[in-house]
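In what follows, a structure is listed as structure tokens, so that the remarks can point back to it.
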Amino acid sequence: MWGYDPGQHSRVPLLDALEAGPDGRAPRPKTAPRRPGLVPAHPDLAASRIPDDLVADCLLAWAGEWSKGYVVVDTHPGANPLTDGAMQAADLVVVPVILAAREMDALEGMLADYVAYRLLLVPNMVPGVPNRRFVERLARSAGTTPVAPPISEHRWLRRRLRRAAVTLELNPGARLKAAADEFQRVAVTVGEILGH
Ligand SMILES: Nc1ncnc2c1ncn2[C@@H]1O[C@H](COP(=O)(O)OP(=O)(O)OP(=O)(O)O)[C@@H](O)[C@H]1O
Ligand SMILES: [Mg+2]
């Protein structure tokens, strides 16, 4: 989605850096205007069998080297060493939540599995008139886990081809700005929880 096609590159800097370990060099993020710095993933990572504690140690070392305010790790769903390692290293695990039956079942399973982690639930793709039953179920399931302000369903987002971050557009129209404001509110919530 950020314009990185793994098929066009022979080297995999993220995999090289993980194999070098936490004492090696951090992979250098690719930068482009109005996009976050990006260290791309690659299909080979899934087969690499890098253990979760090595992933966690590397991320912590790299975060120090990058010295940005935040490092965001966009993970694959389900239990796997890459996701587990990222969750171990994370100050906060941001979990998108869809207000629908099967998704809520999955969320409740996840909350039970990850009681030891600091989580933030973010309702996403919330329709204009949310289903009250699911809103109430989310409040019940969340218990003491914080819930961020919701992100609405923005149908145009699915068709958007521009690679600028929604929050970094220079001249956003009204609907883009509405979405950007929602994402910004989630970011503010993250900052509040982390005391930034
Ligand atoms: N709030 C929203 N409103 C409308 N569409 C959305 C919203 N959030 C995400 N989408 C769309 O849903 C699709 C999947 O979203 P996203 O990539 O965030 O999910 P994902 O679970 O991380 O998927 P993947 O497994 O591909 O990484 C995308 O096409 C995205 O544009
Ligand atoms: Mg994704």
Exercise. Note the angle between two axes, namely the Cα long axis of helix 52-66 and the longest principal axis of the Cα atoms of the chain, as a number of degrees from 0 to 90, rounded to the nearest 10.
Key: 90 degrees
Quiz item: Hey, what's segment 42-196 come to in accessible area per residue, 1.4 Å probe, Å²?
Solution: 64 Å²
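Would you mind working out the magnitude of the charge dipole of segment 31-98 relative to its Cα centre, with +1 at each Lys and Arg C-beta and -1 at each Asp and Glu C-beta, to the nearest 20 Debye? Walk me through the numbers on the way to the answer.
Values: 4 positive and 8 negative charges, 75 e Å.
I would put it at about 360 debye.
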Quiz item: Scaled to the compact-protein estimate 2.2 N^0.38 Å, what is the alpha-carbon radius of gyration of segment 1-109, rounded to two decimal places?
Solution: 1.15
Quiz item: Using Cα atoms only, what is the angle between the long axis of helix 174-194 and the major principal axis of the chain, expressed in degrees (0 to 90) to the nearest 10?
Solution: 70 degrees
Quiz item: Hey, any idea what % of the chain's accessible area is carbon plus sulfur with a 1.4 Å probe?
Solution: 53 percent
Practice problem: Using only alpha carbon pairs under 8 Å that are at least six residues apart, calculate the relative contact order of the chain and give it in whole percent. | Solution: 18 percent
Practice problem: Could you tell me which trypsin sites (Lys or Arg not before Pro) in segment 49-126 are loop residues by DSSP with no more than 16 other beta carbons within 10 angstrom of their beta carbon? | Solution: Arg49, Lys68, Arg118
Practice problem: Take segment 91-196, compute every pairwise Cα distance, and split them into 10 Å bins from 0; I just need the percent in each bin. | Solution: 13, 42, 33, 12, 0
Quiz prompt | Degrees between helix 132-142 axis and first principal axis of the chain (Cα, 0 to 90, nearest 10) | solution = 50 degrees
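If contacts are Cα pairs under 8 angstrom and at least 6 residues apart, what is the relative contact order of segment 1-90 in percent? Can you show the working numbers first?
Details: 88 pairs, mean separation 26.5, N = 90.
Across segment 1-90, relative contact order equals 29 percent.
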Quiz item: Considering amide H positions built from the backbone, and no H for Pro or chain starts, which residues 5 or more places from Val94, or on another chain, come under 5 Å of its amide H?
Solution: Leu120
Quiz prompt | In nm, spacing of pseudo-spin labels at Arg118 and Ala106 (7 Å Cα→C-beta vector) | solution = 2.6 nm
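The values are calculated or read from the model by the stated rules, or taken from the named source; none is laboratory data. Keep in mind it's a predicted model, so treat the numbers as computed, not measured. Heads up, the Cβs are rebuilt from the backbone with ideal geometry, glycines too, and the neighbour counts pull from every protein chain shown. All accessible areas refer to the heavy atoms of the entire protein, side chains included, with ligands and DNA or RNA removed. Shrake-Rupley method; radii C 1.70, N 1.55, O 1.52, S 1.80 Å.
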